[in-house]
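Q: Have a look at this one before I ask anything.
Bear in mind these aren't lab numbers, they're just calculated from the coordinates by the rules spelled out. Computed from a predicted model, the values in this text were never measured in an experiment. Please note: Cβ atoms are built from the backbone with ideal geometry, for glycine as well, and neighbour counts cover all protein chains shown.
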Amino acid sequence: MSKYHFSTVISNKYVFKSIVMHDSLTRHCADFHLYMLCVENEAYEILLGMPWTNVTLIRLADIEDADLLQAKGNRTHLEYCWTLKPAILRHVMNAYPQAQYFAHLDADLCFFSSVEAIFNEAPDASLFLTDHQNSERFLYTYDLTGRFNTGFVGCRNDAIGHTATEWWKRRCLEWCYTDNKVEDKLFGDQRYVERWAELFGNVHVVCNPGANVAIWNIEKYEVTLRNGVTYINDSQLIFYHFSGFSIYGPKEFNLSWFFQLPQPVVEYIYMPYVFLLSRAIQIIQSRYPSFSHGFIKRGEVPDIHYVAI
């Protein structure tokens, strides 16, 4: 029995990033098992070759029931992947219940210290959410994408944890689209969790600023390296969410399509990720030379912070 059971959704586009997510999590958390839902069979076959002992790969066909198939027919691939987030989390909670805590993790996370710090803040909480903590540049997005970011959604193995995540799954089956319905407080899978405190209670909003640091809040923080450890202000960076990060090729990347990042952020957060990601690409392409899902052509997004190694 592992203390933590984590789930994630992996499309072909996220194969390379998922390797970094897994490996960084393994370096900083000894007591977990990760359940990877592979949206395409190609992703499943490729990741099957990884020498992982703490991962269970799950084919989409293994969980795709009539409700999911109906949803699949009325939304885009991206929207369906969002719909799958609570679906695979619920599958794991039901099929592999021997854990104290569960959490969904987006594939574009990278861990810099132990995820246990999140759960240790409130061990008896039933639900764990991370506030966007938007910087001034991104304050306007609260009305669009909501208070919380569902790149990380945690719960305890208790009645509230099960009830709330099942409710989340049902709402996403009904509606999970990229359109922002501001008046209804809807955006993809994300804004539903804003209702958890009202409906279910025992919600803990993570206090540690080192959890779910990302492009939308990094400008608020001082980033330093102390004795080889990356700090956000005076807290260790737990994980960074690499939203807005693009891969051009095995050694070419766009760190951000929003703005030029400060040098300490590049040096202590982004460049370690770049080298890990380049290594993951090398590992996969040594076995599958033509696999390049997740690469985009330079110029497809604003080429704000180009890096080549």
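Q: Listing THR230, THR83 from the residue with the fewest other Cβ atoms within 10 Å to the one with the most, what is the order?
A: THR230, THR83
Q: Under 4.7 Å Cβ to Cβ, no partner at all: give me those cysteines from the chain, in residue order.
A: If one checks each Cβ against the other cysteines of the chain, CYS29, CYS38, CYS81, CYS110, CYS155, CYS207 turn up with nothing under 4.7 Å.
Q: Subtracting the Cα-Cα distance from 0.36 nm times the residue separation, let me have the gained length for ASP65 to SER135 in nm, one decimal.
A: 21.2 nm
Q: Compute the distance in nm between two label points, each set 7 Å from the Cα along the Cα-to-Cβ direction, one at ASN120 and one at TYR142.
A: About 3.1 nm, to one decimal.
Q: Which net charge results when you count Lys and Arg as +1 and Asp and Glu as -1 among the other residues whose beta-carbon is under 13 Å from that of TRP216?
A: Within the 13 Å Cβ shell, the charges total 0.
Q: Report, as a whole number in µm² per second, the diffusion coefficient that Stokes-Einstein gives for the chain at 37 °C and 0.692 mPa s using the Kirkwood radius over alpha carbon pairs.
A: This corresponds to a translational diffusion coefficient of 166 µm²/s.
Q: First select every other residue whose beta carbon is under 10 angstrom from the beta carbon of GLU79; then total the charges, Lys and Arg +1, Asp and Glu -1.
A: Within the 10 Å Cβ shell, the charges total 0.
Q: Mind checking which lysines have their Cα closer than 20 Å to the Cα of LYS251? Skip sequence neighbours fewer than 8 apart in that chain.
A: LYS13, LYS17, LYS297
Q: For the stretch 183-224, which trypsin sites (Lys or Arg not before Pro) pass both filters: DSSP loop (anything but H, G, I, E, B) and at most 15 other C-beta atoms within 10 Å?
A: Those that pass, being in a loop and sparsely packed, are LYS185.
Q: If you don't mind, another one. Could you tell me which GluC sites (Glu not before Pro) in the stretch 138-201 are loop residues by DSSP with no more than 11 other beta carbons within 10 angstrom of their beta carbon?
A: Filter output for the stretch 138-201: GLU183.
Q: How large is the translational diffusion coefficient of the stretch 1-146 in µm² per second when you combine the Kirkwood radius over alpha carbon pairs with Stokes-Einstein at 4 °C and 1.567 mPa s?
A: It comes out at roughly 79 µm²/s.
Q: Under the definition of Cα pairs under 8 Å and six or more residues apart, what whole-number percent is the relative contact order of the chain?
A: That works out to 20 percent.
Q: Go through the stretch 231-299 and name the trypsin sites (Lys or Arg not before Pro) that are in a DSSP coil and have 16 or fewer other Cβ atoms within 10 Å of their Cβ.
A: Counting only loop positions with at most 16 other Cβ atoms within 10 Å, the trypsin sites (Lys or Arg not before Pro) in the stretch 231-299 are LYS251, LYS297, ARG298.
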